[in-house]
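Working notes for the structure below.
The values are calculated or read from the model by the stated rules, or taken from the named source; none is laboratory data. Computed from a predicted structure; not experimentally measured. Using ideal geometry, Cβ is built from the backbone for each residue, glycine included, and neighbour counts are taken over all protein chains shown. These area figures cover heavy atoms from the full protein model, side chains too; ligands, DNA and RNA do not enter into them. Shrake-Rupley method; radii C 1.70, N 1.55, O 1.52, S 1.80 Å.
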Amino acid sequence: MKYVRLFLVLIVLLAGILRFYDIQNVPPGLYIDEVSSAYNGYSVFKTGKDEHGVKYPLWFEAFGEYKMPALVYATGLSTFLLGKSEFAVRLPSALLGTLTVLMLYFLLEKVLLLDRENFFKEPIYKYLPLLSAFLLAISPWHIQFSRGAFDAILALFFYVTGFMLFADYWEKNKFIYLLSSFLMFSLTLYTYNAYRITSILTLLVLTILQVWNFSNHKKHILISGFIAILLMIPVVQFSLTGAGVARFAQTSAFVDLKNSFLMEKIVQYPSIYIKNYLSYFSPHFLFVFGDGIGRHQIPGWGVLYRWMWPFLLLGIYGLLKNSKSFLARLTGLLFLLAPLSAALTAPSPHSLRSLLMVIPVVISVAIGLLFLFNKFWKKRFILGIVMGVIIIFEFAFYLHYYYFHYTKVNILDWGAGRKEIVEKEKKYENNYSHIMIENELGITYIYFLFYDAKKMPTPVDSDWRKPKEWQNEKVLFIRRSYEGKGISTKRIIDRATIPNQNNDVVAEFWEL
Amino acid sequence: MKRKIIIFTIAALELIFLGQWLSCARLADQFHFSPFDLSLRLIEAIHNDGGMSLFIVRLFHNKFLGTAIDIYNNYANYWDFAFLIQLFSFVGVFGFLCSIWYIFRGKLAGRIWILFVVSLLMPIFEIILTPHMSFILRLVFLTGPLLVLSFMGWWKFLRKENAFRYGLFIALEMLSILWLFSVLLQANSPFCLK
């Protein structure tokens, strides 16, 4: 037991290193949602109001949609305490991402206790919590999102903690565990949109399980259920408004079918949904290519390691064999629920919206590995060496790609260059009466707010010309790079570059 | 008798699904290995490793590893649910999964293992060899073992006669037909080049 705890500490430490190391530089730059969340949170902690002047809002308006409050307040607190830096913005995700590893360990430890009498009796399965925690710690899927300010990482932490507390209640029958569990599930609704469906369904399933197993504890169920419902009312109310469904309207998988004939809708709605749902179980998504969005994984990599595929299948087989165990039911439930709401949206598969799936996947892979070792126990040393070499090699390969390739190839998928533009603008802002910025640069006002620019540039089109009435005034025009395009570059006073291999120019500063 | 009729229905549906592929000239590029693509990607990858020790560059970016990863990636595409369903329907895929279950549980005859291994190996021939054989013939080799296994899976699954199992069969048949209609409404398939 002492060694198990020691290994747990080492695994959490490893998870922490993988999530915190050089977090301010990799991924390179803050992308727009990170900046928006952090700035609004910071503003609320500083002035009590968000960027739109709303006092202590529950929903944060940002670029035509509304953000859930948990990440905004979390990044707000960290930037308020530590200053507006990349590290502070990403601190809550990295921290809760690391703690999720610990929570998964405790969850599985409890679940195994519930199962040990009837299922997974072989001694090797006592290492399941440790191995699952280790696999989550090194999982590319989980590392990727823990190193950016993503609300889904926070929601996953609350969700796993909710399950862990529920398992605690199952074991100890103490009301406080049930209440805390339900509170955690309710909190996920304030953290990430996808959980509006997932958590409510989870709570329904768990409530049914409780009524079934603890019929003499109806009071516990009633009180905690009532409190959870009370807490959910604002989200449900919000979800019924136009603002509440704005995000779904933007990302719905069925947008193209709006003007279709009824017959086509009848055929296509379920087909699209089923196709989307199944895409989350596709090896192409899991092991080959991910969802293809640059911020979500390294190009040419899936969300999981390639070596995991056979063990995932073996683990699923092991779970099906013990299908009546609590562990199999938990994993099965998570497998079914994880893509449920994500499949309603486009694009599908989408690794962020289905992040919950990483939990049943690592559990299954761990079971698969243990299953194999149990089967070939006599050859465990050879097997251990072979597996160790494969796992370490692919892990090192991943880290190589993540730190040395990803930061160069996908630099523009993040906010690289934005900070450099603002820093340069700050340098010149006092010398000019007007500062204009080309729309095509794709840098919005929120970056100027976050990095404390005093003068806000006015966005204009690329063909903008200095008006006659400004002839005697000095104008700074921030534009895309026009170098080598036959335009005189005499009036360029400075350039903002990105820290990639060629130091590419992202913006030119023209004095007009 | 009832089981035989069901298996016949399954076979008919699977053949209708396979029929869609008759107009296909070859499978899409994602299913085939290309050494030319690999060389280009290796050059690009090495370009990003400026300043890195030569040992690391050689360890992670070499033709042996690149080929292995590419073949793995191509192979994984053959087990995409959407592809398999389009190949031999929902009912077919379910039957195939059942057969794997029964094989692992030792409830199907020992020699069925061979068929299972063949079904796992067939995509590798298609990936590497991309032979000068007609597409239809290659399709038969690719899907033949899968179809047989799916029939065996259903045969075993329906041995216990109960409403749930028959209900599941009907539901999957309906889903397959729905899927077929949705495929017919699409102009292009992402899996085949015409």
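General observations
- Estimated Rh, segment A:96-175: Kirkwood, alpha-carbon pairs, angstrom: 13.4 Å
- Taking all protein chains as they are arranged and a probe of 1.4 Å, the heavy atoms of A:Thr207 leave approximately 40 Å² accessible to solvent.
- Chymotrypsin sites (Phe, Trp or Tyr not before Pro) lying in DSSP loop within segment A:25-79, provided at most 16 other Cβ fall within 10 Å: A:Phe63
- Sequence-distant lysines (8 or more away, or on other chains) whose Cα lies within less than 20 Å of A:Lys424: A:Lys84, A:Lys454, A:Lys455, A:Lys474, A:Lys490
- Solvent-accessible area of A:Phe248 with every protein chain in place, 1.4 Å probe, in Å² to the nearest 10: 90 Å²
- Among B:Phe96, B:Phe104, B:Phe157, the largest mean-square fluctuation in a Gaussian network model of chain B (Cα springs under 10 Å) belongs to B:Phe104.
- J(HN,Hα) series, segment B:63-79, from Karplus relation 6.51 cos²θ - 1.76 cosθ + 1.60, nearest Hz, glycine and proline x: 5, 5, 5, x, 5, 4, 5, 4, 5, 4, 4, 4, 4, 4, 5, 5, 10
- Exposed loop sites here are GluC sites (Glu not before Pro) assigned a DSSP state other than H, G, I, E or B and surrounded by at most 11 other beta carbons within 10 Å; excluding them, the longest clear run of chain A is A:118-482.
- Accessible carbon and sulfur surface of segment A:154-243 relative to its total accessible area, %, 1.4 Å: 74 percent
- Proximal aspartates and glutamates relative to A:Lys375, as straight alpha-carbon distance under 16 Å, when same-chain residues fewer than 8 apart are discounted: A:Glu122
- Taking all protein chains into account, the per residue accessible area for chain B stands at 52 Å² (1.4 Å probe).
- Accessible surface of segment A:1-88, 1.4 Å probe, proportion on carbon and sulfur as whole %: 65 percent
- When accessible surface is computed with a 1.4 Å probe, chains B and A are found to bury approximately 2900 Å² between them, both chains counted.
- Cut-off under 5 Å, modelled amide H: who pairs with A:Ser252 long-range: A:Ala346
- Per residue, chain A exposes an accessible area of 43 Å² to a 1.4 Å probe, with every protein chain left in place.
- Shape analysis of segment B:121-189 based on the Cα gyration tensor places the equivalent ellipsoid semi-axes at 30, 20, 7 Å, largest first.
- As an equivalent ellipsoid, the protein assembly as shown spans semi-axes of 45, 33, 27 angstrom, where each value is the square root of five times an eigenvalue of the C-alpha gyration tensor, largest first.
- Members of segment A:233-277 that become less accessible by 30 Å² or more once partner protein chains are added (1.4 angstrom probe, chain alone as reference): A:Val267, A:Gln268, A:Ser271, A:Ile274, A:Lys275
- Cross-link partners for A:Lys110 among the lysines, with Cα-Cα distance under 21 Å and sequence neighbours closer than 8 places in the same chain left out: A:Lys2, A:Lys121, A:Lys126, A:Lys172, A:Lys174, A:Lys321, A:Lys324.
- Once backbone amide H atoms are built at 1.01 Å from N, A:Ile437 has A:Thr458, A:Val460, A:Ile478 as its partners under 5 Å, excluding neighbours fewer than 5 places away on the same chain.
- Helix screen, chain A: DSSP H segments with Cα axial length of 15 Å or more and mean Kyte-Doolittle hydropathy at least 1.6 are A:2-20, A:175-189, A:326-337, A:358-375, A:380-400.
- Ordered by 1.4 Å accessible area with all protein chains kept, A:Trp212, A:Trp309, B:Trp21, A:Trp377 run largest first as A:Trp212, A:Trp377, A:Trp309, B:Trp21.
- Highest-MSF residue in chain B out of B:Leu129, B:Leu142, B:Leu158 [GNM, Cα springs under 10 Å]: B:Leu129
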